[in-house]
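Enquirer: Shown below is the structure under consideration.
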Amino acid sequence: MALKAVHVSDVPNLDQVPENAACSLCTTRFTNKSVNDHEGDHDGTEQLPFKFPKFVVMGHRGSGMNMPQCSDIRMKSIKENSILSFNAAAKLPVDFIEFDVQVTKDDCPVIFHDNFILTEDQVAKPLFRKTKDGRIFEWKVEEDDPLCTLQEVFQKVDGSIGFNIELKFDDQTIYKQEEFAHILQVILKVVFEHAKDRPIMFSSFQPDAAQLMRKLQRKYPVFFLTNGGSEIYTDIRRNSLDEAIKVCMEGGLQGIVSEVKAIFRNPEAVTRVKESKLSLISYGLLNCAFRSNVPEVVCVQHLMGVEGVIVDLVREITEAVPHFTDPAKVGEELRLFGKEGKMKFEALIPAELSIDNLICPVTL
């Protein structure tokens, strides 16, 4: 596989690719000790940096999100955020599955992305999906499965696969601190009772919730989710990678999950993330395997210093990643970066997926 050249930006510091770059792309799962039992403080005052032991691949909402309006059948194969989808992903060499948790009015943590389940007994009812432009689609997939509770996920999903638990909150709601605390404690109760040795990490777009989750527990790493300015919010903490770094440093968080467009638009921020001793993983449309150039996009991110990717069509990505472990091929890619260790991104991203003209935006 040869990487092509690009017009988006110069990638900095590619001359500093680690010697074990090829080996670290292996997708063999690591043990819970690699992620869990993160004490946070070495001596009570100094925070230990968190780092994944290798490049990680995470299945978005299990084996991939659903897009009922999309013509690609792979985007409506298995019901997202379901036991069926989670176990389908677990059969592949992924390290984590990412899924969305929200708490119902009757205090049950359920797995659901859209806004907003009211009671636990609504989980198994037929659903419709509303797009950002207001269109409504019946939520039909090839292999359906009821939505589920967080407890069921721990009990019914292969125990060797890690969970990236996104803490889901409504952007239009103003939460009080005690509301955040109650919701997070309800979730933590289930996690502590059922996680056992499973690798766990938490993530959230809500900066106050992410920081509070870190205060409530020190066992599992907490990441701040950001689209890095791809969309603008009234809360400025959500509008750039530099603001995301501040959120993490102020709250003692372990890393950032960024929309990949923000990384390509501002590659220098990767260096600032690393200098802050934070981990960085990505999500977004450019990580979607129904686009032909995703293996190149994933490889470039790895060489930039991104530590993992959240992807939709997990099978295609996990089949491509092992090819990056061939030292000869990695050497071939590195030669494309030139004497200064930089590379121009010119044809890597197709015209219809240009950074400023992306369609069908992916949300976590």
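The values are calculated or read from the model by the stated rules, or taken from the named source; none is laboratory data. Note that the structure is predicted; figures quoted are calculated from it, not measured. Cβ placement follows ideal geometry from the backbone for every residue including glycine, while neighbour counts extend to all protein chains displayed. We work out accessible area using only protein heavy atoms, side chains counted, and drop any ligands, DNA or RNA first. Shrake-Rupley method; radii C 1.70, N 1.55, O 1.52, S 1.80 Å.
Enquirer: Please find, among SER230, SER240, the residue that is small (Gly, Ala, Ser), touching an Asp or Glu at 6+ places or on another chain (Cβ under 8 Å) and farther than 14 Å from ASN36 by Cβ. Explain how you work it out, then say what you get.
Expert: On the way: SER240 fails: touching an Asp or Glu at 6+ places or on another chain (Cβ under 8 Å).
From the options SER230, SER240, the qualifying one is SER230.
Enquirer: Name the residue that is modelled with the lowest pLDDT, counting only residues in region 135-149 that are part of a loop (DSSP other than H, G, I, E, B) and not acidic (Asp, Glu).
Expert: To start, the set of residues in region 135-149 that are part of a loop (DSSP other than H, G, I, E, B) comprises 135, 139-142, 144-146.
Imposing the further condition that a residue be not acidic (Asp, Glu) reduces the set to 135, 139-141, 146.
Details: ARG135: 64, TRP139: 67, LYS140: 72, VAL141: 69, PRO146: 81.
Out of the qualifying residues, it is ARG135.
Enquirer: Would you be able to say whether some residue in region 220-228 is open to solvent by 30 Å² or more (accessible area, probe 1.4 Å) and of a type outside the set (Ser, Thr, Tyr)? Before the answer, list the steps.
Expert: From region 220-228, those open to solvent by 30 Å² or more (accessible area, probe 1.4 Å) are none; that's our starting set.
No, that holds for no residue.
Enquirer: Let me ask something else. Under the condition of being aliphatic (A, V, I, L, M) and assigned to a loop (DSSP other than H, G, I, E, B), which residue from region 152-205 is farthest from ASP100 (Cα to Cα)?
Expert: As a first pass, look at region 152-205 and keep what is aliphatic (A, V, I, L, M): 153, 157, 161, 165, 167, 174, 181, 183-184, 186-188, 190-191, 195, 200-201.
Still in the running and assigned to a loop (DSSP other than H, G, I, E, B): 157, 161, 174, 195.
Numbers: VAL157: 15, ILE161: 16, ILE174: 19, ALA195: 16 Å.
By that ranking, first place goes to ILE174.
Enquirer: Looking only at region 243-277, which residues are among the acidic types (Asp, Glu), modelled with pLDDT of 95 or more and surrounded by fewer than 17 Cβ atoms within 10 Å (Cβ to Cβ)?
Expert: Of everything in region 243-277, those that are among the acidic types (Asp, Glu), modelled with pLDDT of 95 or more and surrounded by fewer than 17 Cβ atoms within 10 Å (Cβ to Cβ) turn out to be GLU250, GLU275.
Enquirer: Run GLU80 past the list (1) within 19 Å of the chain's Cα centre (by Cα); (2) among the charged types (D, E, K, R); (3) modelled with pLDDT of 90 or more and report the number of the one that doesn't hold.
Expert: (3)
Enquirer: Next up: Determine if region 244-253 includes at least one residue that is farther than 17 Å from HIS60 by Cα, free of Cβ contacts under 8 Å to residues at least 60 places away in the same chain and touching a Gly at 6+ places or on another chain (Cβ under 8 Å).
Expert: Let us first name the residues in region 244-253 that are farther than 17 Å from HIS60 by Cα, namely 244-253.
If we keep only those that are free of Cβ contacts under 8 Å to residues at least 60 places away in the same chain as well, we get 244-251, 253.
With touching a Gly at 6+ places or on another chain (Cβ under 8 Å) added as a condition, the list becomes 244, 248.
Yes.
Enquirer: Another question, then. Is it the case, given these coordinates, that MET213 is in contact with a Leu (Cβ under 6 Å, 6 or more places away or on another chain) and either surrounded by 23 or more Cβ atoms within 10 Å (Cβ to Cβ) or at pLDDT 95 or above (or both)? Explain how you work it out, then say what you get.
Expert: On the way: in contact with a Leu (Cβ under 6 Å, 6 or more places away or on another chain): yes; either surrounded by 23 or more Cβ atoms within 10 Å (Cβ to Cβ) or at pLDDT 95 or above (or both): yes.
Yes: the conditions hold for MET213.
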